[in-house]
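The values are calculated or read from the model by the stated rules, or taken from the named source; none is laboratory data. Note that the structure is a prediction, hence the values are computed from the model and not measured. Here the Cβ is made from the backbone with ideal geometry for all residues, glycine too, and neighbour counts use every protein chain on show. The protein model used for the area step is the full one, side chains on, heavy atoms only, and it has no ligands, DNA or RNA in it. Shrake-Rupley method; radii C 1.70, N 1.55, O 1.52, S 1.80 Å.
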Amino acid sequence: MRYILLSVLFLVCAHSWGATYTIESIPDQRLVNGSHISDPDAILDDDSKAAIDRRLIDLEALDGVQIAVVAVESIGDADLVSFAQDLFVQWKIGHRGRDDGLLILLVKDKRTVRLHTGYGLEGVLPDVVCSRIIRDRKSTRLNSSHLVISYAVFCLKKKNRPESAPGTSP
């Protein structure tokens, strides 16, 4: 009985230790297989990842905007905004000189999504629009983050009028 309890305790601890990520421990899938999505905890389903990746590849080919999506179980006690900024810089998202990158960070245990833009996208996706995207699409199911990503891509495609997207309120 003692061995069973120790085994269960070990498995619980191993799972919780392995699920907290640092900037350095999140795999940059762009370097591994060219994907725009890093999802080491398999938070998003494969069909959603494939659909999102296709949209991001099309958008990059069309407009040159570099977008990275990161979905992780936990970042521990790290501050979400600082974590997103540090990851954005570490991965060098966006083109040098244009600073036109977008990081979409999903953190499951914090039940949040962060849209982190480079300065080159601030005119298209200012903080107020990013906040509205997340607020309007927020739900208790994390898989709704596919909607957040889709809407962010929609805004980037409609650079001149991001507020005109369907279903948004001023």
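If you scan region 61-80, which residues turn out to be open to solvent by 40 Å² or more (accessible area, probe 1.4 Å) and either outside any loop (DSSP other than H, G, I, E, B) or within 14 Å of SER35 (Cα to Cα) (or both)?
Of everything in region 61-80, those that are open to solvent by 40 Å² or more (accessible area, probe 1.4 Å) and either outside any loop (DSSP other than H, G, I, E, B) or within 14 Å of SER35 (Cα to Cα) (or both) turn out to be ALA61, LEU62, ASP63.
Which condition breaks for LYS138 when tested against (1) within 16 Å of ILE67 (Cα to Cα); (2) open to solvent by 80 Å² or more (accessible area, probe 1.4 Å); (3) at pLDDT below 85?
Condition (1) is where LYS138 drops out.
Each row is one residue, and each column tells you yes or no for (1) within 15 Å of THR22 (Cα to Cα); (2) of a type in the set (Phe, Trp, Tyr); (3) open to solvent by 10 Å² or more (accessible area, probe 1.4 Å).
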residue	(1), (2), (3)
ILE57	no, no, yes
SER82	yes, no, yes
PHE88	yes, yes, yes
ILE93	no, no, no
ARG96	no, no, yes
ASP99	no, no, yes
ILE104	no, no, no
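Among residues belonging to region 32-51 that are touching a residue at least 40 places away in the same chain (Cβ under 8 Å) and over 24 Å from THR22 (Cα atoms), point out the one that is surrounded by the fewest Cβ atoms within 10 Å (Cβ to Cβ).
ALA51
Among the residues of region 115-131, what is the count of those that are touching a strand residue (DSSP E or B) at 6+ places or on another chain (Cβ under 9 Å), modelled with pLDDT under 90 and not in a loop (DSSP other than H, G, I, E, B)?
7
Restricting the first residue to region 104-115 and requiring it to be among the polar types (S, T, N, Q), which pairs with a second residue that is modelled with pLDDT of 90 or more meet a Cβ separation below 7 Å and a spacing of at least six or different chains?
Filtered contacts from region 104-115: THR112/LEU80.
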